[in-house]
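**Q** I have a structure here, written as structure tokens, and I will follow up with some questions on it.
The values are calculated or read from the model by the stated rules, or taken from the named source; none is laboratory data. Quick caveat: nothing in here was measured; it's all calculated off a predicted structure. Don't worry about glycine lacking a Cβ; one is built from the backbone with ideal geometry, like all the others, and counts go over all protein chains shown.
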DNA sequence: ATGCGGACCTGTTAGC
DNA sequence: TGCTAACAGGTCCGCA
């Protein structure tokens, strides 16, 4: 799925086309996403104007006059702007028709994503209220991470992927950041020093920023809101390279499972 | 509170 | 070539 850079790219791609537009209608082709898409949206949304499109963690927040759509792309979701008469794809489950003769289509083969609605401050929604800080914000610092790691026995990789600790670090970037910081993914949280936290936090920020600049990693066929594909995986140092030579020391990269996620690391460079 | 495993679903790929 | 099993970018929930 979309990791944070893909969601950010989508947000930036679609926002200029959505903000200020009046909604004509919402079509739900398949309401069975992670949670059912509320049928009431079909009556609620028409004639309302989109005020803003923002991102919190991997959630896209589409603010309308009377509330906010909370959209998550799950593992396989994508949003794209299409001409309203364009044939829809097999997995285009939700379609938002706008005034400017564009249609926002939500495609999600695995249906792990969600379209939710709230009339309150979206930050207070149960899915958002307990989220950790944004990885690119200044709240996510070495000191913050170090404090959070105290007395934690879980593997550092699992911990940096925990959205209660920090949001937006998915499997790909967790692997990459740990490699760049020279930290073994299986180390317990409490064994990571403040100095290592400094390295790790700066690598997480660097890698995510870089990926956003490149328009998202795009594994298979992710397409940003503007229809441009992101860059491919050739810039990744470890993810997807188990068994290959480490680009830094030539040792064979190891692949293991950690918390049911594929984990790749260099047994020499990462301690 | 923390940690772990299972669950949600379809599509693609690796292996026999 | 065809069938089957394993695996894929996420993250919530329930249980120990």
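**Q** Scan the range A:98-115 for residues that are at positive phi and either near DNA strand B (Cβ under 10 Å from one of its atoms) or free of Cβ contacts under 8 Å to residues at least 12 places away in the same chain (or both) and report the count.
**A** The number of residues fulfilling the criteria is 1.
**Q** Does residue A:79 meet the test of being within 16 Å of DNA strand C (Cβ to nearest atom) and either crowded, with 19+ Cβ neighbours inside 10 Å or assigned by TED's automatic domain parsing to the domain that holds residue A:166 (or both)?
**A** yes
**Q** Also, quick follow-up: How many of the residues in the range A:118-147 are within 16 Å of DNA strand B (Cβ to nearest atom) and farther than 11 Å from residue A:192 by Cα?
**A** Count: 8.
**Q** Of the conditions (1) surrounded by 19 or more Cβ atoms within 10 Å (Cβ to Cβ); (2) closer than 22 Å to residue A:121 by Cβ, residue A:54 satisfies every one except a single condition; which number is it?
**A** Against the list (1) surrounded by 19 or more Cβ atoms within 10 Å (Cβ to Cβ); (2) closer than 22 Å to residue A:121 by Cβ, residue A:54 comes up short only on (1).
**Q** Which condition does residue A:32 not pass, out of (1) more than 16 Å from DNA strand B (Cβ to nearest atom); (2) out of contact with any strand residue (DSSP E or B) (no Cβ under 6 Å at 6 or more places or on another chain); (3) over 26 Å from residue A:209 (Cα atoms), if it passes all the others?
**A** Every condition holds for residue A:32 apart from (1).
**Q** Name every residue in the range A:160-186 that is closer than 26 Å to residue A:59 by Cα and assigned to a helix (DSSP H, G or I), in order of residue number.
**A** Within the range A:160-186, A:160, A:171, A:172, A:173, A:174, A:175, A:176, A:177, A:178 meet the criteria.
**Q** Another question, if that's okay. Within the range A:187-201, take every residue that is outside any helix (DSSP H, G or I) and either within 16 Å of DNA strand C (Cβ to nearest atom) or out of contact with any strand residue (DSSP E or B) (no Cβ under 8 Å at 6 or more places or on another chain) (or both) and give me the one that is farthest from residue A:128 (Cα to Cα).
**A** The qualifying residue farthest from residue A:128 (Cα to Cα) is A:193.
**Q** Which condition breaks for residue A:173 when tested against (1) within 26 Å of residue A:79 (Cα to Cα); (2) surrounded by fewer than 23 Cβ atoms within 10 Å (Cβ to Cβ); (3) within 16 Å of DNA strand C (Cβ to nearest atom)?
**A** (2)
Here's the yes/no breakdown for (1) more than 14 Å from the chain's Cα centre (by Cα); (2) closer than 13 Å to residue A:190 by Cα; (3) free of Cβ contacts under 8 Å to residues at least 40 places away in the same chain:
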| site | (1), (2), (3) |
| --- | --- |
| A:117 | yes, no, no |
| A:125 | yes, no, no |
| A:138 | yes, no, yes |
| A:153 | yes, yes, yes |
| A:159 | yes, yes, yes |
| A:166 | no, no, yes |
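**Q** Also, quick follow-up: Does residue A:40 fit the bill of being outside the structural domain of residue A:163 (by TED's automatic domain parsing), touching a strand residue (DSSP E or B) at 6+ places or on another chain (Cβ under 9 Å) and within 16 Å of DNA strand C (Cβ to nearest atom)?
**A** For residue A:40, the condition - outside the structural domain of residue A:163 (by TED's automatic domain parsing), touching a strand residue (DSSP E or B) at 6+ places or on another chain (Cβ under 9 Å) and within 16 Å of DNA strand C (Cβ to nearest atom) - is not met.
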